[in-house]
Amino acid sequence: MSTTTTAEHTAPGAAPAPAPREIVRVSVPKRTLTSELRAIRIVWRRELIRFRADRMRMVTTLVQPLLFLFVLGSGLQRLSSAGTHGVSLKTFIYPGILCIAVMFTAMFSAASIVWDREFGFLREMMVAPVRRSSIVIGKCLGGATVAGIQGVIVICLAGLVHVPYDPVLILGVFGLQLLLAFAITAFGVMVAVRIKQMQSFMGVMQMVVMPMFFTSGALFPASGLPGWLTVLNRLDPLTYAVDPMRRLVFSHLTISPAARRALDPGITWWGWHVPALLEAGVIVALGLVMLAVAIWEFSRTE
């Protein structure tokens, strides 16, 4: 009995049967603490690289704080010299300027999420084999670091407004700036997750940031205000960063008791003076809450 081969059953001139395709298996690495920390570090580092490459942003985010500090402070000094008990108005508003410098920079860092969405990079990050919470945490840490760097520049100007370069003062102010930068970046990310156009984001930020700054007590003492303004001042998160910074700055100044009572009255809740550490704790708590909301919203984003 003869044996027939496959070639004998192939019609003359017909193409040989195609070879079976090789199946390529794609394996996604398991999520581990190391991979999540690596994702956070990459997102954090990307924020620093973008900040270093955008030198125009470094300059523009400092223009408005410096205008408030030197132009507004110098212009109103002649009118306010009696009310400040001989203390320079620039010295008084300096803690508020430290906060606004950090706030604007942190908001710009959060705005990068909207840019990433418009140009498609955000989708690439979202399909990476890491938790979306790691992306949000990396964004917030990156924004806080960038804002802290900007804040150091304003800290270096302390001598120009008669604030001493005391190591305890500088470290305390810098620590409060980092806490504020983290909270504001978390707030910005929380808002940016739901916004798809940069114009809309900037409009929302303009609507929120400037009222927060003007009601925080950055430009006026927080005591003796009208009732409605007192309520807004106590509800403003920025208040709890401006007040401990002002306490820290004024504790290193030699001024009269009358000036201290008028310019550094502190924040009260129903007559109780809120300690500076509790104010810092309020900033941390608000930052963590907004971070949690931002993570929740980002996890639901398609």
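Selection of helices (runs of 4 or more DSSP H) fully inside region 224-287 by the criterion of at least 1 residues being over 24 Å from residue 87 (Cβ atoms) returns 227-235.
Set side by side, the residues 262, 294, 280 differ, and just one is in contact (Cβ under 8 Å) with a residue 24 or more places away in the chain and more than 24 Å from residue 175 (Cβ to Cβ), which is 262.
Give just the number: which of (1) over 29 Å from residue 191 (Cα atoms); (2) of a type outside the set (Asp, Glu); (3) touching a Gly at 6+ places or on another chain (Cβ under 6 Å) does residue 242 not satisfy? Every listed condition holds for residue 242 apart from (1). Within region 192-204, the presence of a residue that is at pLDDT 85 or above, out of contact with any Cys (no Cβ under 6 Å at 6 or more places or on another chain) and hydroxyl-bearing (Ser, Thr, Tyr) is excluded.
When we screen 148, 172 for residues that are modelled with pLDDT of 80 or more, closer than 21 Å to residue 112 by Cβ and part of a helix (DSSP H, G or I), the only hit is 148.
Each residue in region 63-114 was checked for being of a type outside the set (Ser, Thr, Tyr), at pLDDT 75 or above and either part of a helix (DSSP H, G or I) or within 26 Å of the chain's Cα centre (by Cα) (or both), and 21 pass.
For residue 189, are the conditions met, namely being in contact with a Lys or Arg (Cβ under 7 Å, 6 or more places away or on another chain), in a helix (DSSP H, G or I), buried (at least 20 other Cβ atoms within 10 Å of the Cβ) and modelled with pLDDT of 80 or more?
Against the criterion (in contact with a Lys or Arg (Cβ under 7 Å, 6 or more places away or on another chain), in a helix (DSSP H, G or I), buried (at least 20 other Cβ atoms within 10 Å of the Cβ) and modelled with pLDDT of 80 or more), residue 189 qualifies.
Please work out which residue is surrounded by the fewest Cβ atoms within 10 Å (Cβ to Cβ), limiting yourself to region 222-257 and to residues that are within 19 Å of residue 280 (Cα to Cα) and of a type in the set (Gly, Ala, Ser). It comes out as 251. When residue 199 is tested against the conditions (1) polar (S, T, N, Q); (2) touching a residue at least 40 places away in the same chain (Cβ under 8 Å); (3) part of a helix (DSSP H, G or I), the lone failure is (2). Between 289, 249, which is in contact with a helix residue (DSSP H, G or I) (Cβ under 6 Å, 6 or more places away or on another chain) and under 24 Å from residue 181 (Cα atoms)? After ruling out the rest, the residue left standing is 249. Only a single item in (1) aromatic (Phe, Trp, Tyr); (2) modelled with pLDDT of 85 or more; (3) within 23 Å of the chain's Cα centre (by Cα) is not met by residue 165, and it is number (3).
Answer yes or no as to whether residue 219 is touching a residue at least 60 places away in the same chain (Cβ under 8 Å), part of a helix (DSSP H, G or I), surrounded by fewer than 20 Cβ atoms within 10 Å (Cβ to Cβ) and not small (Gly, Ala, Ser). Taking the combined requirement at face value, the residue does not satisfy it.
The values are calculated or read from the model by the stated rules, or taken from the named source; none is laboratory data. None of the values given here were measured: they were computed from a predicted structure. Neighbour counts are summed over all protein chains in view; Cβ atoms, including those assigned to glycine, are modelled from backbone coordinates with ideal geometry.
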